[in-house]
Structures are given as structure tokens and as C-alpha cells.
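See below for the structure under consideration.
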Amino acid sequence: MTAPPSSDRFGHPPGLWVLAGTELWDRISFKGMQAMLVLYMAGELLQPGNVGRVAGFAAFRAAIEAMTGPLSAQALAAQVFGLYIALVTLTPLLGGYIGDRLTGRRVAVTAGALLMTAGHFALAFDRTYLPALVLLVLGVGLFKGNLSAQVRALYADGDRRQGDAFQIYLIAVNAGGVIAPLLTGTLASAWGWHAGFAAAGIGMLVGLAVYLGGGRHLPPDPPRRTKLPLPPLSASERRGVSGLLLLWPFLIGFWIAQSQVWNLYNLWVRDRVDRRIGAFEVPVPWFASLDSLAPVLFAPLVIALWRRQALRGTEPRSLTKMALGCLLFSAGAGLLVVASMQDRAAMGWLLGFHALSNLGWLFFVPVETSVFAGAAPERLRGRMLGVASLSVSAASLISGRMGSLYEGIPATRFWAINAGIVGATGLALLLAAPLLRRHLPSA
């Protein structure tokens, strides 16, 4: 299904720019909060004398430590953060189902944005910390499970612009990610953590306004059949779904390493990096901007490279791009191993890490999204994108547990383990590509 005819803008339907603008403001909101969360928990909220103000946290902590054993404040922060990321990447599967079969995608996106706004504002108070996380988890599920699915619906089957569209969409994601930590980190440094969380709520409201204001350019929701049975999937549709399920485990290897950039990396930067420039000490959340700035800078170059290779008939196929992305990320994590050999690492090591890891991100994430959106049947597209998010959920649980063990092993070993996992994933994907292409011929 495609959107109603409309004049393209810069070579793409105007609905793409509405969706990209909505995602930009969502990322300003969500990434700003995410950049502060583990630092806030480890440095303030979970410290003795503060944690007692959080309603219900004693029972919540007891449930976690029943599985992990006693945890320090830092280890508990890493574990809670990993669980939170696992949940916000799990719920898009349910959110996609709700949007596909019950409410329609537009209603689901709107409801998700409102829930996320409420969650961000609730983070401004210690007592409502746990309800805030619940609101965010539910809101992200509805929002992310349905927003990106509308990008694919803007294009006819076989339109090569699909791949570029997801690159443009993810440029908006990362542009928001650049702005967010700078904004919320500055507010948190000047007026406290809660001011940063409140700013994230305002950003989400702006994103909702962009989405509703551009509604006329968005594709119509696919027909919902809640009473009549759906026809069975065709043989080619079943083959595509089975191929995506076979590809899914490889996604976990990439996201284990990426999840640490959101989690333990912030604590490592806080403790092991020389952040002083003269008399000024760079706030830790600002470094999260580097993780989004590099894709914004490099994405046009990567798109141009692939277009040039396509003209020459040498453009790598999708699975090959994803494997190369894993290997690039592994090389970036290797720089953190070297940096960890120093008492206080120079900030230049972080620049190198973000350059390599985010080149890897560009080769992997937009391509992964395009493969899942392109191979999934239309009526299952939201749910299959939710299945892709499950890989981030599983990886976040693993990385959260690894993060809780971080205090007990040298930092060099910690980052070497992450580099090894994502590097081995890339090599395995190269070897498995011929088998996967039997199910995903276009990949």
C-alpha cells in the first residue's frame, strides 16, 4: 500500500519528511533522557539516603537481586538500565500488533507519544521513578512499533529509494541524538537531573505536533481484519518470514556491543577519560552526542558510495553490508581496549571509537531495517519490525548482566569481550549469507 499521490520533495514523498521530523523530536526527547539515565541512577538516585525516596524500589531491587545476587549501586544501575532497554525494545512487537490489527498505526503513534510525554515528566520526581519507566516502556512500544513501518508504506514494491529512505530516516534519528545529550546534559549540569528529564518531555510534545500537523501526507493505514480470518501466507511470504527469523540471531551479536555504548560506556567515560579542556570539564552526557553525530556526518558519504558502486555493479549486497558493519564496530571497540590501558584516556580515543563504531552502525542498522521491512508481508510488517527489536531486547539483557560484572574485571578485558562478540558475528554472517539468501533472495 502506498500513500495518496503527491509531489516528491527532494526526490522522496513528503510523508518521509513528516515521519523523519517526528522521529527527530522523539530522539531529542528519548536520547536526552537515555544519556542521563545510568549516570543519574549510579551517581545519585541509587545512593544510600536517596533510593528510599523511590516508591516501590525496595521490592523491585529484591526481585532483581534474587536473580543476580547482591549488587552495588553502580552494578544495579547497569542492570536496571539493561532491563529497561530490553523492555523498550520488546514492547514494539506488541505495539506493532496493536497498530496492525486494532487501532491503526496513526492512533497507536499518537497514544505512544502521549504516554512517553507523561513518562518523561514523571522522571522529574524521584518518587514516581518506577511508574515513569513503565509509562516510557508502554509509550515506546506503541510509538516505535508503528512509526517506522509507515516509511515502507510510502514506496511501491521494488522502489530502490526504499534503502535511501531508511538512511534519511535514520539521519533524523541521529540528528536528534546529537542535539539531545547536549541540551539535557547542559540543563542537568546547570539545574539538576530533573530539569533535563522535563526538557525531554517537552521535546516529545513537539514531535507529536509535527506528526499530527503532517498527517495529510502520511500513508493510509492498511485494512484491519479483526473478524474475518486472514488468508494464509503465500509460499514466497512464508520463505521471507523464515529468512528473517534465521537472520535474527545475528542481530543480537551486533546489539550486545551497541547496547554497552548506552550503558557502561557512560560510566567508563566518567571514570577513565580525561574530560578537561583547560578549566572546563566536558559533561559526560555530551559524549553521547558523538554516537549520533558520526552517522549524521558519514551517512551522506555512505549513501554516495553505495550509489556509485551501484552504477558500477559492485554495490555489496545487504547481508554483506551488515557483516562489514559488525567488523567495523569490532575495530572501534578495539580502540577502547587500547584506551583502557591508560590511567586517564585522552578524548581522542573516543573520537576514533565513535567514527569506526558508527560507520559500522550505518552499514548494519539501516540495512537491517530495510531488509525486515522489505521482506515482511504488508499485514505483518509492524510485527516483523517488532521482531527485529526483540534482538535489541535480548542483547540488552545480556549487556546489562555484563555491565553488572564490570566492576570485577579489568576494563581492557570488558571491551575485548565486546569487540570479540561483534567481530565473530560479522564473520559468521559472511559464512551464513549463502544459506540466508535462499530465503531472502534480495538480501
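Is the shape of segment 108-248 rounded, prolate or oblate, going by the alpha carbon gyration tensor and its root eigenvalues a ≥ b ≥ c, with a/c under 1.5 for rounded and a/b larger than b/c for prolate?
On the way: a/c = 2.23, a/b = 1.85, b/c = 1.20.
Judged from the Cα gyration tensor, segment 108-248 comes out prolate (a/c at least 1.5, a/b above b/c).
Compare the Cα positions of Y211, M33, G69 along the charge dipole of the chain (+1 at Cβ of Lys, Arg; -1 at Cβ of Asp, Glu; about the Cα centre) and return the one farthest towards the positive end.
Y211
For the chain, give the magnitude of the charge dipole about the Cα centre (Cβ charges: +1 Lys/Arg, -1 Asp/Glu; no others), in debye to the nearest 20. Don't jump to the answer; show the numbers that get you there.
Values: 36 positive and 21 negative charges, 218 e Å.
Its charge dipole is roughly 1040 debye.
Compare the peptides 369-377, 252-260, 409-417 by average per-residue count of other Cβ atoms within 10 angstrom and give them in order, highest first.
Numbers: 369-377: 21.9, 252-260: 25.4, 409-417: 16.6.
By packing density, highest mean first, the sequence is 252-260, 369-377, 409-417.
Using Rg and Dmax of the Cα atoms in Å as the read-out, say which of [x] 24.1, 87; [y] 21.4, 75; [z] 21.2, 69 was calculated from these coordinates.
[z]
Where does each of L94, L440 land when they are ranked from fewest to most other beta-carbon atoms within 10 angstrom?
On the way: L94 15, L440 22.
Ranking L94, L440 by Cβ neighbours within 10 Å, fewest first, gives L94, L440.
Taking the alpha-carbon centroid of each part, what is the distance from segment 241-294 to segment 28-103 in angstrom?
Between the Cα centres of segment 241-294 and segment 28-103 lies a distance of 17 Å.
In debye, nearest 20: dipole of segment 296-345 around its Cα centre with unit charges on the Cβ of K, R (+) and D, E (-)? Write out the running numbers ahead of the final one.
On the way: 6 positive and 2 negative charges, 58 e Å.
For this selection, approximately 280 debye.
Positive end of the dipole of the chain, charges at C-beta (+1 Lys, Arg; -1 Asp, Glu), about the Cα centre: which of A156, G348, L390 has its Cα farthest in that direction?
Farthest towards the positive end: A156.
Among 19-29, 106-116, 418-428, 266-276, what's the highest-first ranking by average C-beta atoms within 10 angstrom per residue?
Working: 19-29: 25.5, 106-116: 22.8, 418-428: 20.4, 266-276: 17.4.
Answer by packing, highest mean first, reads 19-29, 106-116, 418-428, 266-276.
Given H placed 1.01 Å from N in the peptide plane, which residues other than close sequence neighbours of A345 have an amide H under 5 Å from its amide H?
V273, D274
Projecting each Cα onto the charge dipole of the chain (Lys/Arg +1, Asp/Glu -1 at the beta carbon, about the Cα centre), which of F125, T89, I179 comes out farthest on the positive side?
T89
Order these by the 10 Å Cβ neighbour count, fewest first: T184, T89, T68.
Numbers: T184 30, T89 26, T68 14.
Starting with the residue having the fewest Cβ neighbours, the order is T68, T89, T184.
Can you run phi through the Karplus equation (6.51, -1.76, 1.60; θ = phi - 60°) for segment 258-274 and list ³J(HN,Hα) in whole Hz, with x for Gly and Pro?
Computed from phi, the couplings for segment 258-274 are 5, 4, 5, 5, 7, 10, 5, 4, 4, 6, 4, 4, 4, 9, 10, 10, 7 Hz.
Once a ≥ b ≥ c are taken as the square roots of the eigenvalues of the Cα gyration tensor of segment 371-429, is the result rounded (a/c under 1.5), prolate (a/b larger than b/c) or oblate (a/b not larger than b/c)?
Working: a/c = 6.30, a/b = 2.17, b/c = 2.90.
Judged from the Cα gyration tensor, segment 371-429 comes out oblate (a/c at least 1.5, b/c at or above a/b).
In what order do M402, M204, M347 fall by count of nearby beta-carbon atoms within 10 Å, going from fewest to most? Before the final figure, lay out the partial values.
Details: M402 21, M204 29, M347 16.
By the 10 Å Cβ count, ascending: M347, M402, M204.
Rule-based calculations on the coordinates, nothing more; no lab input. Since we're looking at a predicted model, the values are computed, not measured. In this analysis, Cβ positions are derived from the backbone assuming ideal geometry, glycine residues included, and neighbour counts consider all displayed protein chains.
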